[in-house]
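Okay, so here's the structure we're looking at.
The values are calculated or read from the model by the stated rules, or taken from the named source; none is laboratory data. Since the structure is predicted, the reported quantities are computational estimates derived from the model, not experimental observations. Quick reminder, even Gly has a Cβ in these numbers, built from the backbone with ideal geometry, and neighbours come from all protein chains shown.
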């Protein structure tokens, strides 16, 4: 939780309210699930804080020998840009 909490607070303050974002508890679960199960290809339906969580996993654990790919799919260009900028 310590890893994600500052990012979550920043996201909810500057991008999307916590009523619309994935909860901090669910975000921690998602991140820990990835760390434990080590998926290499992940599809993210919609874009938002979940997209950030999955890319943080990718950033922290992808290596030359263990490449991780995250694909976010959203039909709302505004949200894709918000997520990208965050």
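For every residue, the table says whether it meets (1) buried (at least 16 other Cβ atoms within 10 Å of the Cβ); (2) within 19 Å of residue 62 (Cα to Cα).
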| position | (1), (2) |
| --- | --- |
| 2 | no, no |
| 13 | no, no |
| 17 | no, no |
| 21 | yes, no |
| 30 | yes, yes |
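Determine whether residue 47 is on the phi < 0 side of the Ramachandran plot, in a loop (DSSP other than H, G, I, E, B) and in contact (Cβ under 8 Å) with a residue 60 or more places away in the chain.
Here the answer is no, as residue 47 does not meet what is asked.
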message: Restricting to region 32-70, give me the number of residues that are out of contact with any helix residue (DSSP H, G or I) (no Cβ under 7 Å at 6 or more places or on another chain) and modelled with pLDDT under 95.
response: 2
- line: If we keep only residues of region 17-44 that are in a loop (DSSP other than H, G, I, E, B) and within 12 Å of the chain's Cα centre (by Cα), then the residue nearest to residue 68 (Cα to Cα) is 22
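Within region 47-71, can you find the residues that are over 23 Å from residue 1 (Cβ atoms) and either surrounded by 12 or more Cβ atoms within 10 Å (Cβ to Cβ) or under 14 Å from the mean Cα position of the chain (by Cα) (or both)? Before the answer, list the steps.
We begin by selecting, within region 47-71, every residue over 23 Å from residue 1 (Cβ atoms); these are 63-67, 69, 71.
The answer is 69, 71.
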message: Checking the condition without any contact (Cβ under 8 Å) to a residue 12 or more places away in the chain and closer than 19 Å to residue 84 by Cα, which residue from 18, 65 passes?
response: 18
